[in-house]
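Notes follow once the structure below has been shown.
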Amino acid sequence: MSNIFVKSPYIIEVNEIGQTGSYIQLFIWNANDTQPTLPTYQLSKLIPSSTNFQTTYDISEYVREYIKHNAFNNVYNQNNAATPYLEYCNVVVKRYKVVVGTKNLLDTTTYKAFDGYGYYEQGYNPNLGEYLLDQKTYYYNYDSTANLTTDFLKRAGSLTLDATSGYKIKRTNLSTLATDIYTITTSAVIDTFRVYPSWLAVGNKLEILTAADAVVWTATFKPKTECRYEPVVVDFINRYGGWQREFFFKASNTNINVETSEYNLLQTNLVSYSKFEGQRRTFNTNGKETIKCNTDWVSEDYAETIKQLMLSDRILVNDRPAKMNTKSTELFKSINTKMINYEMTFDIANDIINSVV
């Protein structure tokens, strides 16, 4: 089974000599359901000409309808928590060659679909793999007094992976080099904690191993204690279509912007009006919050994280829905500046006064 990433176009091609057209069937369902017996979508095309048989279909938008990121599955002590079923879906594509109205089945392919994307230079239909996070070093906020059971913002975050039965999740303590190994028993999309709970003070290396102990994915997670500022926690959907947690450690501030409508008030008594009544009133008053925060000094490879964050459609700031307000920033290189800090501004994506109708 292949993985597809449908925030970019995903192209299905039917190009058979002698065809007069083509036809595809899409069967789409989430993990909490079973494969439909009837096609979810049926698409067809005629060939462009008698000398050009190529027909193509972009199935991305049909599939994306079945993927939603409602909440971050923020595990901290589970190796194989089931990823929320709406965060990915299953897709079966049946390709048919059509000759003068007669459909001939060419093949049937099964995919798992994630709401990720490829970069232009990667070409069409890139397979980004089974592990929904870049391989590099990450830093998390460590608070020795935190109650991880209730304080979701103090957790180090999790990794989403399309797990293969028999593969292993291995964590190595960065101080003692002690290891913890968990063997995956069922092939499924799961969330696993980044840092072993009792190693939060020192961090660990996280590796995914095959059944033969070959390393196929690795990242390192290190603690950072911020004494002066309260770190801002940003969770977002990255380019793989999975949740990624980042911490903005340095100074942050919150601004409020109030919008209102105004009308001229007719005085209760024109001859003997009250000076406390005024001549103008407001209505429909509401406000929005904006949070500006700083990353702390980071390495050059953090530019990729910033890029993915700015391109994300789904962001939580301190566990609140938000949207990116910063539309442009320099992606710094260490040869240009020895001290790299990113300042980002987010708009909280709800009115302060509840206006849901």
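Structure summary
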read-out: Which numbered condition T220 fails, given (1) part of a loop (DSSP other than H, G, I, E, B); (2) surrounded by 14 or more Cβ atoms within 10 Å (Cβ to Cβ); value: (1)
read-out: Pairs where the first residue, in segment 93-114, is without any contact (Cβ under 8 Å) to a residue 40 or more places away in the chain and the second is assigned to a strand (DSSP E or B) and β-branched (V, I, T), C-beta under 7 Å, 6+ apart; value: T108/V92
read-out: Only one of T110, T83 that is exposed (fewer than 13 other Cβ atoms within 10 Å of the Cβ) and either outside the structural domain of R194 (by TED's automatic domain parsing) or at pLDDT below 95 (or both); value: T110
read-out: Hits in segment 231-280 - residues which are among the hydrophobic types (A, V, I, L, M, F, W, C), under 22 Å from A349 (Cα atoms) and free of Cβ contacts under 8 Å to residues at least 60 places away in the same chain; value: A251, V258
read-out: In segment 126-179, the residues that are closer than 25 Å to E230 by Cα, among the β-branched types (V, I, T) and outside any loop (DSSP other than H, G, I, E, B); value: T137
read-out: Residue among Y142, Y124 that is surrounded by fewer than 21 Cβ atoms within 10 Å (Cβ to Cβ), under 22 Å from W243 (Cα atoms) and not charged (D, E, K, R); value: Y142
read-out: Condition check for D213: more than 26 Å from the chain's Cα centre (by Cα), part of a loop (DSSP other than H, G, I, E, B) and either acidic (D, E) or within 30 Å of F5 (Cβ to Cβ) (or both); value: yes
read-out: Selection from segment 192-210 of residues that are assigned to a strand (DSSP E or B) and farther than 10 Å from T220 by Cβ; value: T192, F193, I208, L209
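The values are calculated or read from the model by the stated rules, or taken from the named source; none is laboratory data. This one's a predicted model, so the numbers in the text were calculated from it and none came from an experiment. Because the Cβ atoms are built from the backbone with ideal geometry, glycine has one as well, and the counts that use them run over all protein chains shown.
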